[in-house]
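Quick notes on the structure that follows.
The values are calculated or read from the model by the stated rules, or taken from the named source; none is laboratory data. These numbers were taken from a predicted model, which means no experiment stands behind them. Virtual Cβ from ideal backbone geometry, glycine too; neighbours counted across all protein chains shown. Side chains included, ligands, DNA and RNA excluded: accessible areas come from the protein's heavy atoms. Shrake-Rupley method; radii C 1.70, N 1.55, O 1.52, S 1.80 Å.
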Amino acid sequence: ERGGTKGPLKEEIPTINFAFATVVSIKDINKGELFSEENIWVKRPGSGSILAEHFETILGKEALSDISRDSHLEPRHIKDFST
């Protein structure tokens, strides 16, 4: 048996954190506003319906409703969103 510990390598941690995150609003977003890095980000735990891997596809799309800060984004919030 070899020594050492099991677990992610230090350089893998940002990827793992991103992989288990979901997209959330980081400020209030008004209906008609475009999603940007200024108003959405990804957070863990990933209990929302839109995975972090879709973050970049949401950027520039239009909000279909008002969204309050710290809300998980849902497909119904995003114009022309598909996974």
Thr83 meets each of (1) of a type in the set (Ser, Thr, Tyr); (2) at pLDDT 90 or above; (3) more than 10 Å from the chain's Cα centre (by Cα) with one exception, condition (2)
Hits in region 32-62 (condition: farther than 11 Å from Leu73 by Cα and touching a Gly at 6+ places or on another chain (Cβ under 9 Å)): Leu34, Ser36, Glu62
List every residue pair whose Cβ atoms sit under 7 Å apart, with the two residues 6 or more apart in sequence or on different chains, where the first one lies in region 70-83 and is at positive phi and the second, anywhere, is open to solvent by less than 80 Å² (accessible area, probe 1.4 Å) and basic (Lys, Arg). Asp80/Lys61
Quick test of your reading of the structure: Trp41 fulfils all but one of (1) of a type outside the set (Gly, Ala, Ser); (2) open to solvent by less than 60 Å² (accessible area, probe 1.4 Å); (3) part of a strand (DSSP E or B). Name the failing condition by number. (2)
